[in-house]
1. For the chain, modelled as a GNM with alpha-carbon contacts under 10 angstrom, which of Pro94, Pro63, Pro250 fluctuates the most?
2. Rounded if a/c is under 1.5, else prolate if a/b beats b/c, else oblate: with a ≥ b ≥ c from the C-alpha gyration tensor eigenvalues square-rooted, which is the stretch 81-165?
3. Write out the trypsin sites (Lys or Arg not before Pro) in the stretch 11-95 meeting two conditions: DSSP loop, and at most 15 other Cβ atoms within 10 Å of their Cβ.
4. Charges at C-beta only: +1 for Lys and Arg, -1 for Asp and Glu. How large is the resulting dipole of the stretch 277-356 about its Cα centre, in Debye rounded to 20?
5. For a quick check: sort Asp5, Asp134 by the number of other beta carbons within 10 angstrom, fewest at the front.
6. Within the chain, which is the longest segment that contains none of the GluC sites (Glu not before Pro) sitting in a DSSP loop with at most 11 other Cβ atoms within 10 Å?
7. Name the helices (complete DSSP H segments) of the chain with a Cα length along the long axis of 18 Å or more and a Kyte-Doolittle mean of at least -0.5, or state none.
8. Quick query: amide H of Arg103 versus all other amide H atoms, modeled in the peptide plane; which residues come in under 5 Å with a sequence gap of 5 or more or a different chain?
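Each reported figure results from applying straightforward, stated rules to the coordinates on display, with no laboratory input. Everything numeric here is computed off the predicted structure, so don't read it as measured data. All Cβ positions, glycine included, derive from the backbone under ideal geometry; neighbour counts span all protein chains shown.
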Amino acid sequence: MSPNDLQRRLRAAALGLGFDQVGFAPASEPPNAAAYLAWLERGWHGEMSYMAREDAVRRRLDPGQALPGCRTIVVVSLSYARLDPGIPEGTEKPVVARYARGRDYHGLFEERLAALAELVEELEPDARTRPYVDYGPVLERDHAQRAGLGWIGKNTLLIDPTLGSYLLLGALLTTLEVPPDDAFTEDRCGSCARCIDACPTRAIRWPRGLDARLCISYLTIELRGSIPVELRPLIGNRIFGCDICQEVCPWNDGAPAGSTEELGAARPGGADTAARGAMPGRPVPPERMLEWAEELLELSDEAYRSRYRETAFARPGRSGMLRNLCVGLGNSGRPEAVPLLHRCLEDRSELVGEHAAWALQRLEATSA
Ligand code: B12
Ligand code: SF4
Ligand code: SF4
């Protein structure tokens, strides 16, 4: 098979598996490796030690360290854009980042990338492959940009000129040599700075300079311990992740809704925030923060894991989610949350108790 036929075959297979876009990048040092090292140097990764581990740093800088003999990185994307008007601030409804409103995407990508890897091995039995999604030591956005999928916006996310930025990325490293696509070389942000101006915690310190320690996504999903007190009021009712720097991005206006039902993308969202509605393998979280916190108070850690195992909420665990809900309730201005917060004070998790105490103080101060 000629190299171009090989490329065509793999592209068709990736699209046939349901990915929205696919591109091929050479397996050399990612173009923004220096920016990554500078980010680590500034300590902006916070507690995400997996971003700084020496072996993982080496792999991010050289894909050949992740897969010896690696020649090509196949990058795939999947849109989870929703027809969703968003939710007004200051309500008692929990706001959950859009990517987390369906099935956890990791399993979905793993299944599809495994099928693509099988095809590679069928076409070239000596070829080796390694799939990565999210948690692997791969600078996914850099390779996506080099594979022609879009550019890295000032909010640091990859923006596809047609699909916008509500995308998830995955990569298949392979020893197979596939002709690369043209890199996406334009910066279509132009003079826009809406994302920088809209970020409530000023986490985007300059264009493409994101201090993760300030980002609501980090604070509500990645951080295991206590949320810095000065940042808590800025989180509002965002109890899992944050989409503000995408909501304001003009490249998401009019982007088509994603078609992957498992990601909850195909259903019109209405005022739906926590992704209610039946979806195979996915529990329906309560619609109000108060009810959700009540539910979690009654669950053991084990029962929480089992209930939310198919969802992104598994990551922060029960105490992390309850911590986030306490912050949201503290910011809600609703005195009816007081009795529940008193119960949270007694929770077996000290983390929850500490955030409940803060929330009670804040409610007292704001409802006076
Ligand atoms: C760690 C991480 C986070 C951290 C840090 C975010 C970050 N920007 O790095 C936190 C927890 C904050 C986070 C949040 C989110 N994340 Co995240 N995250 C990752 C992860 C695991 C690694 C990212 C990484 O390598 N960071 C390293 C640092 C150095 O990146 P950086 O500061 O942005 O710098 C890069 C670029 O901005 C650029 N760059 C920097 N400076 C300059 C200068 C110039 C001139 C140029 C041209 C480029 C450039 O090059 C650098 C290297 O790639 C990736 C998955 C993966 N394996 O890649 C997902 C990933 C980036 N996250 C993703 C998502 C969906 C999110 C959220 C939207 C989730 C949410 N709704 O809450 C938010 C968005 C926040 C934001 N504005 O970035 C998607 C993004 C898809 C896309 N369209 O780009 C990814 C790719 C996961 C996936 N597999 O789909 N995330
Ligand atoms: S996700 Fe939210 S907190 Fe993080 S950079 Fe974007 S707007 Fe700021
Ligand atoms: S809001 Fe503007 S500056 Fe930010 S990523 Fe979108 S186009 Fe770029």
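1. Pro250
2. prolate
3. Sites meeting the loop and neighbour criteria: Arg42, Arg53.
4. 300
5. By the 10 Å Cβ count, ascending: Asp5, Asp134.
6. Looking at the chain, 187-345 is the longest stretch - no exposed GluC sites (Glu not before Pro) with at most 11 other Cβ atoms within 10 Å.
7. Answer set is 105-123, 317-331, 350-367.
8. Leu263, Gly264
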